[in-house]
Amino acid sequence: NLNSYQEKEYAGFSIPILNGFDTKPNKGGVKRAVSWVTIPAAKKAIELLWESYQFARDYWLDNSKKIAHEDERNLYLQDINSILVNFPVPSAINPKAGREAINNSLRNFVYSVGYKLTPEDIKEFNLLNPTRHSKLNVGEI
């Protein structure tokens, strides 16, 4: 959600952290809280994505008013505060935030805004991912 980014101090450094949930390694798809080290640019990306998908959240919230039973409405809206929710298209019946939908949405978004990696992005990536050092290049999407 919008509050998933935070910074923690460690050994005199400010470390950017993303907090979220993971279901993949768990039997039955049970959610567990997880955190990942990220880069400071993630905060701006989260804010931008949140605003970009607000129209979808508004649609799903408005649509939920038609559901009379509170438990059904809450189940319907369980993913509404995800950063990326699916678009309200005819094939979508509720606001899911599945992995495939997120991957496709994020990839399409990055291409649509023409974002390219900067030297600062590469420096932070290499610092945070020493085993993947030099895997990214300036100007790549």
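Quick rundown of the values:
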{"read-out": "Partner lysines for LYS65 [C-alpha distance under 21 Å; skip if fewer than 8 residues away on the same chain]", "value": "LYS96"}
{"read-out": "In Hz, Karplus ³J(HN,Hα) per residue of segment 42-53 (6.51, -1.76, 1.60; θ = phi - 60°; x = Gly, Pro)", "value": "4, 4, 5, 4, 4, 4, 5, 5, 4, 5, 5, 9"}
{"read-out": "Length gained when the stretch LEU2-SER64 is fully extended (0.36 nm per residue, less Cα-Cα span)", "value": "20.2 nm"}
{"read-out": "Spacing of the two label points (7 Å from each Cα toward its C-beta) at GLN54 and ASN81, in nm", "value": "1.8 nm"}
{"read-out": "Segment VAL37-PHE21, extension gain: residue separation times 0.36 nm, minus the distance between their alpha carbons", "value": "4.4 nm"}
{"read-out": "Gain in span if fully extended, ASN129 to VAL30, counting 0.36 nm per residue against the direct Cα distance", "value": "32.8 nm"}
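Values in this text are rule-based calculations from the coordinates and carry no lab data. These numbers come from a predicted model, not from an experiment. All Cβ positions, even for glycine, are placed from backbone atoms using ideal geometry, and neighbour counts span all protein chains on display.
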